[in-house]
Amino acid sequence: DQQVKQNSPSLSVQEGRISILNCDYTNSMFDYFLWYKKYPAEGPTFLISISSIKDKNEDGRFTVFLNKSAKHLSLHIVPSQPGDSAVYFCASETGNQFYFGTGTSLTVIP
Amino acid sequence: KAGVTQTPRYLIKTRGQQVTLSCSPISGHRSVSWYQQTPGQGLQFLFEYFSETQRNKGNFPGRFSGRQFSNSRSEMNVSTLELGDSALYLCASSLFGGRGTDTQYFGPGTRLTVL
């Protein structure tokens, strides 16, 4: 039972443009939502998070938006850079465990 | 400071065997969580150890077990291996469990192949 879903397995974007990665969840009890980035042969690296009581969090080029009524969150990367090419996982946290999506592979084309 | 290390990085076993994977967390971190990553399933939570006690457990069969030592190093054991256990096994360390503003730091993973 996939409680966190990333329906786009891949995304290609031109360098300098905006990348938008999407994530849907089913459990309204999630407390925190997180995004991780993963390069090949490395473990996931924390990118940005948002509390369930907020609807936006920004950190440099990365902004996460949370729409609780739609149970949807998105990660915006502006401007996209070739070094952003990686697999992005969204994750949600309840009090006792984390649920991860299946990942979206982002390719930023120079 | 040193990151999370996992050994071995690659492992090949045959069905029915057992395997032990090791994870050394970041110094000072007391929580270690284990995840299984397979294509199409993303990362699935196995269990979390905090101060040598299993604090949370995911939905995996009893063949999957773990433990944590007093220095916070953790081991994961899989007995009676099945072909479906082939996966990347990731461990993550954090100060208190990675909740809220506490961050989980992942190791590079152990790639297990079951033949």
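The values are calculated or read from the model by the stated rules, or taken from the named source; none is laboratory data. Here the structure is a predicted model, which means the values were calculated and not measured. Cβ sites come from the backbone with ideal geometry, for glycine too, and all protein chains shown count toward neighbours. These accessible areas exclude ligands, DNA and RNA; they are computed on the full protein's heavy atoms, side chains included. Shrake-Rupley method; radii C 1.70, N 1.55, O 1.52, S 1.80 Å.
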Can you pull out every residue in segment A:49-97 that is open to solvent by 50 Å² or more (accessible area, probe 1.4 Å), away from chain B (no Cβ under 14 Å) and of a type in the set (Gly, Ala, Ser)?
A:GLY60, A:SER69, A:ALA70
Tell me the strands (runs of 3 or more DSSP E) entirely within segment B:6-48 that contain at least 3 residues that are surrounded by fewer than 18 Cβ atoms within 10 Å (Cβ to Cβ).
B:10-13
Search result, residues across segment A:98-110 that are touching a Leu at 6+ places or on another chain (Cβ under 7 Å) and within 9 Å of chain B (Cβ to nearest Cβ):
A:PHE100
Considering only residues that are more than 10 Å from every other protein chain (Cβ to nearest Cβ) and in a strand (DSSP E or B), look in segment B:95-114 and name the one that is most open to solvent (accessible area, probe 1.4 Å).
B:THR113
Please find, within segment B:53-69, the residue that is nearest to the other protein chains (Cβ to nearest Cβ) out of those that are in a loop (DSSP other than H, G, I, E, B) and open to solvent by 60 Å² or more (accessible area, probe 1.4 Å).
B:ASN59
Out of B:THR80, B:THR20, B:THR5, B:THR14, sole residue that is modelled with pLDDT of 95 or more, among the hydroxyl-bearing types (Ser, Thr, Tyr), within 14 Å of the chain's Cα centre (by Cα) and farther than 30 Å from A:GLN6 by Cβ
B:THR20
Conditions (1) open to solvent by 10 Å² or more (accessible area, probe 1.4 Å); (2) out of contact with any Lys or Arg (no Cβ under 8 Å at 6 or more places or on another chain); (3) in contact (Cβ under 8 Å) with a residue 12 or more places away in the chain; (4) not basic (Lys, Arg); number of the one not met by B:MET76
(1)
